[in-house]
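Beneath this line is the structure, given in structure tokens, with notes to follow.
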Amino acid sequence: MAGSEKFSRSRTGCLPCRKKHNKCDEQQPVCAFCASRDLDCKYPLGVKWVRPKEPMPTRHKPRCKDTRRAEQNMLGRPSTLFTETCFESAEDKSAWEYYVSLVSSNVPAVDGPDNPYRQVSIPALSSPILLETIVCISTEHMLNFGLTSIDLAAKRQQRMLRTLGKNLLSIEARAACDSGTIVASNKHEREALLTAVVLQGIVVAQTADGVLEPHVKCASWLMQALGYFDEIPQNPIARMTVQRFGMVDVMLAISRQRRPYAPQRFILYQPDQSRWDTTEPSFHKMTGCPQPLMCFLVRIAHLACDVSDGLETQPDKGVLNEAFQLDTELRAWGSGYRGIPPARCERTPLDILTECFYWTAHLLLARRVFRDQTCSPRVQHLAHLCFGLMDHLSTGCGPDSSLPQPFYIAAREAVSPEDRMWVRQKHESMTAYYREQQRNSAMELIEQIWETTDRLRELGNDSGWPRGTELSIVDSYVQALDRGACFFIF
């Protein structure tokens, strides 16, 4: 019977088998599993994606199956009443609708009727800066699927940036009069501006040459002005904005090997604030990473900078003692994680993604704080734990949209040809589906790291350098690459 067919485990099986966590026999053009069930057997693309010359239909599907019902739940009345607004053109209105029905469902790790990324489209109807941001996000998404033109995308991005600039200039002028504070009468307006600035990360991820750093710095200033480093906003959209800023700030800091912009007192970075995961919008569902685990990542980012700055040589700082304490706390928090690839249907994709973040935290602690080398048994064990879990997140399952940061961090540690081939294939599969162009920049950096590591290791074997010196040189070189990089993906 078809259900009793036995195939060897594969990381390169067809998409239907990977989605169903089935062991594919990799027969082409149609594997036995798909043939026995009359499925459309397709394999991941074997070449790096480039922009299509002709329009291509999107492979995305809204994760909320009944989008119309979700919109009505969100609005409290038929959505058509809310689309009658002052759009500049019918194309802008179509872009807004495309965002509501499609793009917004793919931004959080888990979609649902209370998805704040969809909810933000409603106040956008009366806020030019939010509306232009949403239209720009939607247009960039459409561009990556060949559904619009480069000229239109550029025009909308310029329009959005002009509006952002005008609003920021207005804030600077008022702040000069109000000693850097924002008066209550302008708070909603400033919240909209903060949301627009934070959402720029979605635009940047979809472009080949976008830079996120200025937006995060600007958002940090607005967060301070609004007092959101010290209090939890009650408005769901404002909470979503603060959550996204916090996660992007940490992920960008890890990517650049520097400290986060947010102060360590930031209420989102306090481990006792677990309510972020239990109230809507849930931080865990929005990012794929539980809030307490994100707090560990913040501490790791700061400790890594302390070690890099040489503070471990000063006994009074106790950096390594703090690192050992953090390692103990992290293991206690994740005591239920065994690093064993999940059995079929026993765990949800969100659970698997969470464990990916957990072992990535251990990997960062080992590499950047304890300074283990890539070839060390501990680092290789942690990398393989990550790879095994990631292999069970089929492309397009939903939470895998939040996988890039753990994936590209772990991918750096791939040493064997088999691991590196799997990394390339996983990258190609995710990029072909999500089409975020900065993923290619991340993969190009990884290829550069692999090449440099291999070359210096070979040189070190023949140069008479002290054992391990060439690997320290690689880490310094990689740190310089990270701090000079412009791309970002989350």
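Yes/no per residue for (1) open to solvent by less than 10 Å² (accessible area, probe 1.4 Å); (2) part of a helix (DSSP H, G or I):
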{"residue": "Tyr98", "(1), (2)": "no, yes"}
{"residue": "Ala109", "(1), (2)": "yes, no"}
{"residue": "Leu131", "(1), (2)": "no, yes"}
{"residue": "Thr148", "(1), (2)": "no, no"}
{"residue": "Gln158", "(1), (2)": "no, yes"}
{"residue": "Leu161", "(1), (2)": "no, yes"}
Problem - Residues located in the range 15-37, provided they are assigned to a helix (DSSP H, G or I) and either modelled with pLDDT of 80 or more or open to solvent by less than 70 Å² (accessible area, probe 1.4 Å) (or both) - result: Leu15, Pro16, Cys17, Arg18, Ala32, Phe33, Cys34, Ala35, Ser36, Arg37
Exercise for the section: Just give me the residues in the range 114-134 being over 12 Å from Pro236 (Cβ atoms) and in contact with a helix residue (DSSP H, G or I) (Cβ under 7 Å, 6 or more places away or on another chain), in sequence order. Expected result: Ser121, Ala124, Leu125, Ser127, Pro128, Ile129, Leu130, Leu131, Glu132, Thr133, Ile134
Problem - One residue from Phe487, Phe407 being buried (at least 19 other Cβ atoms within 10 Å of the Cβ) and at pLDDT 95 or above - result: Phe407
Exercise for the section: Answer yes or no: is there a residue in the range 380-394 that is under 15 Å from the mean Cα position of the chain (by Cα) and either modelled with pLDDT of 95 or more or not in a loop (DSSP other than H, G, I, E, B) (or both). Expected result: yes
Problem - One residue from Arg344, Arg331, Arg338, Arg371 being surrounded by fewer than 20 Cβ atoms within 10 Å (Cβ to Cβ), modelled with pLDDT of 95 or more and over 19 Å from the mean Cα position of the chain (by Cα) - result: Arg331
Exercise for the section: Report, by residue number, each residue of the range 395-419 that is in a loop (DSSP other than H, G, I, E, B) and within 28 Å of His302 (Cβ to Cβ). Expected result: Leu403, Arg412, Glu413, Ala414
Exercise for the section: Please list, ordered by first then second residue, the pairs with beta carbon atoms under 8 Å, 6 or more apart or interchain, first in the range 125-136 and farther than 15 Å from Glu189 by Cβ, second of a type in the set (Ser, Thr, Tyr) and buried (at least 19 other Cβ atoms within 10 Å of the Cβ). Expected result: Ile134/Tyr99; Ile134/Ser121; Val135/Tyr99
Problem - Among the residues listed as Asp40, Asp92, Asp114, the single one being of a type outside the set (Ser, Thr, Tyr), in a loop (DSSP other than H, G, I, E, B) and modelled with pLDDT of 85 or more - result: Asp114
Exercise for the section: Could you check the range 215-300 for helices (runs of 4 or more DSSP H) lying wholly inside it with 3 or more residues that are open to solvent by 10 Å² or more (accessible area, probe 1.4 Å), of a type in the set (Val, Ile, Thr) and at positive phi? Expected result: none
Exercise for the section: Count, please, the residues in the range 247-289 that happen to be under 14 Å from the mean Cα position of the chain (by Cα), within 15 Å of Trp333 (Cβ to Cβ) and of a type outside the set (A, V, I, L, M, F, W, C). Expected result: 1
Practice task
Hey, can you tell me all the residues within the range 169-198 that are modelled with pLDDT under 85, over 14 Å from Ser127 (Cα atoms) and surrounded by 14 or more Cβ atoms within 10 Å (Cβ to Cβ)?
Solution key: Ser170, Ile171, Arg174, Ala175, Ile182
Fill in the blank from the handout: (1) under 22 Å from the mean Cα position of the chain (by Cα); (2) under 23 Å from Leu297 (Cα atoms); (3) open to solvent by less than 20 Å² (accessible area, probe 1.4 Å) all hold for Trp359 apart from (3)
Handout entry: Residue among Leu365, Leu385 that alone is touching a Phe, Trp or Tyr at 6+ places or on another chain (Cβ under 8 Å), within 24 Å of Phe296 (Cβ to Cβ) and either buried (at least 23 other Cβ atoms within 10 Å of the Cβ) or touching a residue at least 60 places away in the same chain (Cβ under 8 Å) (or both)
Key = Leu385
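The values are calculated or read from the model by the stated rules, or taken from the named source; none is laboratory data. Note that the structure is a prediction, hence the values are computed from the model and not measured. With ideal geometry, Cβ positions are generated from the backbone for all residues, glycine too; neighbour counts draw on all protein chains shown. These area figures cover heavy atoms from the full protein model, side chains too; ligands, DNA and RNA do not enter into them. Shrake-Rupley method; radii C 1.70, N 1.55, O 1.52, S 1.80 Å.
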